[in-house]
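Undergrad: So that we are looking at the same thing, I have put the structure below in structure tokens.
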Amino acid sequence: MQNITLSQFFHWYYPNDGSLWKHCIEEADLLKQLGVTYVWLPPPYKSALGMSEPGYAVYDLFDLGEFDQKGTIPTKYGTKEEYLQCIRELHRRDMKVLADVVLNHRMGADETELVKVKQVDAEDRNHIMEQEEVIEVYTKFPFPGRGQKYSNFIWDFQCFTGVSVTDNEGTRIYTILNEYGTDWEEVLDPEFGNPDYLMGCDVEFRNEHVREELKWWGRWFLDTTGVDGFRLDAVKHISHRFMKEWIAHLKEESRKDLFFLAEYVTNDADRLLNWNKAVDEQCQLFDVLLHHNFYEASHQRSEYDLRRIFDKSLLQMHPERAITFVDSHDTQPFQLMESFVDWWFKPLAYAIILLQEHGIPCVFYPSIYGAVYEEVQDGENRRVELVPVPAIREMMRVRRQLAYGEQRDYFNDANVVGWVRTGVPEQEHSGCAVVLSNGGEAQLEMELGSAHANAGFADVTGNRRETITTDGDGKALFTVNGESVSVWIRKEMLPQ
């Protein structure tokens, strides 16, 4: 018996030094000790910006740090062999690996083409101008650095639905007039009227040759790397029909029970669930809504009613599909979707995702290791220093060893909430009691059951120093500091 725990082993501003795959190998033993079962690694293929971009400006899916392209052989994270060695080392410790895949767009084309286009209203993508134009744009990808190794497919304008052009007049979006349609593909979200276009050269999934090439790449990638599943980038902007086809194809071709995790950014849980239904519910989904609840709670402090922390979240509505998270590379400072949870609330939020019965938590790299980085904004340098989340490693170990059994919730006060996990017989001394406060110091009476009768409990976070002894029913008043969290476990289970 072991709870599933994901680790997002990167962040947007990880150094551009090709070291991440080797660093992950060095940390593999620690990740195992912390109870990580899946390691989500960043995009492993060549970016249009070489080593200076995290991999989401995808250039060549087949170049895993093997070919001299875009000014480098390694990717931002290392070479192909280092990536494969990293996966092998994680597997050797019985951890599984998720690869980050970007199927929506291509960037950094090698050659230009003259293409018939129509300009699109950026705020209403269904409003396509009547006037037809011919423009020269980078849409051809013969991959001269790789040649025809692994695939002889050449991407050209017939493979794309649209492009954008940036010049002194700003950025304009165009739909490409190709043989597969003169407008956008059908997607399920109503954002901008139709959010098919996101960036770069938008992939044309109505093109059967494109679909077959991407299915071939998926098979090749699985055979080459041995990964156990995929984190799917920006699925809101991709044809749901293609995603259903691609996922089903890889499941059929693979000899593994593949794990698929979809990134669909929205504040509407119904849209998440409708998309997943359209792909035959083959994916887990990031609980973006719970993250935003954490963000709001962290900034409203004691004005936030903690009893509402799960409101409208995926964890509340469809818990078996929820991948819960506190922060990610998309929400960290300087990003377009910046919504970083304030530092004081992070331990509370991690207690929720790690120690609750439902949902699968994903722990962000800086939460364990910290991070320091700078960015220039409006001509000024901004420096961010992220310290590791207090007691994150202790809470991860509690999830691995003790957070089992029935959950009993005590959500009766706006500023003090808690729950217990009663434990299971096969995990000795398992069970825990968790108390959160976004106001002052407090105590909460909770009952763990007769298996914990007359037992001593200590706060594994170290925030409280006393020992609490339960009564004959396993009941006690569990304390917590102001704006803090305490995780009470059997004293016998404290690290020596």
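The values are calculated or read from the model by the stated rules, or taken from the named source; none is laboratory data. As the structure is a computational prediction, the values presented were derived from the model and not from experiment. Because the Cβ atoms are built from the backbone with ideal geometry, glycine has one as well, and the counts that use them run over all protein chains shown.
Undergrad: Of everything in segment 136-167, what is more than 25 Å from residue 213 (Cβ to Cβ) and either of a type in the set (A, V, I, L, M, F, W, C) or under 31 Å from the mean Cα position of the chain (by Cα) (or both)? Give them in sequence order.
TA: Correct list: 165, 166.
Undergrad: Test each condition in (1) surrounded by 14 or more Cβ atoms within 10 Å (Cβ to Cβ); (2) under 26 Å from residue 50 (Cα atoms) for residue 149 and report the one that comes out false.
TA: For residue 149, the failing item is (1).
Undergrad: Would you tally the residues in segment 291-306 being without any contact (Cβ under 8 Å) to a residue 24 or more places away in the chain and either under 22 Å from the mean Cα position of the chain (by Cα) or not in a helix (DSSP H, G or I) (or both)?
TA: Result for segment 291-306: 2.
Undergrad: Mind checking which residues of segment 455-482 are touching a Leu at 6+ places or on another chain (Cβ under 7 Å) and part of a loop (DSSP other than H, G, I, E, B)?
TA: Hits for segment 455-482 are 460, 470, 474.
Undergrad: Give me the pairs, please: first residue somewhere in segment 406-420 and in a loop (DSSP other than H, G, I, E, B), second residue anywhere and among the basic types (Lys, Arg), beta-carbon distance under 9 Å, and either six or more positions apart or on two chains.
TA: 406/421; 411/307; 412/307; 413/307; 414/307; 414/308
Undergrad: List pairs: first in segment 3-23 and closer than 17 Å to residue 369 by Cα, second among the acidic types (Asp, Glu) and in a helix (DSSP H, G or I), Cβ under 8 Å, 6+ apart or cross-chain?
TA: Final answer for the pair search is 9/27; 21/82; 22/82.
Undergrad: Please tell me if residue 155 is crowded, with 18+ Cβ neighbours inside 10 Å and under 20 Å from residue 67 (Cβ atoms).
TA: yes
Undergrad: A further question follows. Any idea which residue in segment 51-92 is farthest from residue 110 (Cα to Cα), counting only those that are surrounded by fewer than 20 Cβ atoms within 10 Å (Cβ to Cβ) and among the small types (Gly, Ala, Ser)?
TA: 52
Undergrad: Just a yes or no: is a residue in segment 123-137 more than 28 Å from residue 236 (Cβ to Cβ), surrounded by fewer than 17 Cβ atoms within 10 Å (Cβ to Cβ), in contact with a helix residue (DSSP H, G or I) (Cβ under 8 Å, 6 or more places away or on another chain) and at pLDDT 95 or above?
TA: Among the residues of segment 123-137, not one is more than 28 Å from residue 236 (Cβ to Cβ), surrounded by fewer than 17 Cβ atoms within 10 Å (Cβ to Cβ), in contact with a helix residue (DSSP H, G or I) (Cβ under 8 Å, 6 or more places away or on another chain) and at pLDDT 95 or above, which makes the answer no.
Undergrad: Further question on the same structure: May I ask you to list the residues in segment 122-136 that are in contact with an Asp or Glu (Cβ under 8 Å, 6 or more places away or on another chain) and either β-branched (Val, Ile, Thr) or on the phi > 0 side of the Ramachandran plot (or both)?
TA: 128
Undergrad: Still on this model: Can you name the strands (runs of 3 or more DSSP E) wholly within segment 151-235 that have at least 1 residues being at pLDDT 95 or above and of a type in the set (Ser, Thr, Tyr)?
TA: Because the criterion is at least 1 residues that are at pLDDT 95 or above and of a type in the set (Ser, Thr, Tyr), the strands (runs of 3 or more DSSP E) in segment 151-235 that meet it are 160-167, 170-176.
Undergrad: Output the residues belonging to segment 179-191 that are surrounded by fewer than 19 Cβ atoms within 10 Å (Cβ to Cβ) and touching a residue at least 40 places away in the same chain (Cβ under 8 Å).
TA: Scanning segment 179-191 gives 182, 183, 186, 188, 191.
Undergrad: Also, I was wondering about something else. Kindly indicate the residue of segment 418-443 that is among the hydrophobic types (A, V, I, L, M, F, W, C) and surrounded by fewer than 24 Cβ atoms within 10 Å (Cβ to Cβ) and also farthest from residue 485 (Cα to Cα) among those meeting that condition.
TA: 424
Undergrad: Could you please give the count of residues in segment 93-121 that are under 25 Å from residue 138 (Cβ atoms), of a type in the set (D, E, K, R) and either touching an Asp or Glu at 6+ places or on another chain (Cβ under 8 Å) or surrounded by 20 or more Cβ atoms within 10 Å (Cβ to Cβ) (or both)?
TA: 5
Undergrad: Let me ask something else about it. Which number in (1) surrounded by fewer than 21 Cβ atoms within 10 Å (Cβ to Cβ); (2) in contact (Cβ under 8 Å) with a residue 12 or more places away in the chain; (3) out of contact with any Gly (no Cβ under 9 Å at 6 or more places or on another chain); (4) more than 19 Å from residue 330 (Cβ to Cβ) marks the one condition that residue 228 misses?
TA: The single condition residue 228 does not satisfy is (1).
Undergrad: Of all residues in segment 236-252, how many are without any contact (Cβ under 8 Å) to a residue 40 or more places away in the chain and either among the small types (Gly, Ala, Ser) or not in a helix (DSSP H, G or I) (or both)?
TA: 1
Undergrad: On the given criteria, is residue 189 farther than 30 Å from residue 256 by Cα, touching a Pro at 6+ places or on another chain (Cβ under 6 Å) and not aliphatic (A, V, I, L, M)?
TA: yes
Undergrad: Next up: Mind listing whichever residues of segment 444-463 are loosely packed, with under 15 Cβ neighbours inside 10 Å, over 17 Å from residue 491 (Cβ atoms) and out of contact with any Lys or Arg (no Cβ under 9 Å at 6 or more places or on another chain)?
TA: 450
Undergrad: Would you confirm whether any residue within segment 466-473 is within 19 Å of residue 352 (Cβ to Cβ), in contact with a Ser or Thr (Cβ under 9 Å, 6 or more places away or on another chain) and surrounded by 15 or more Cβ atoms within 10 Å (Cβ to Cβ)?
TA: no
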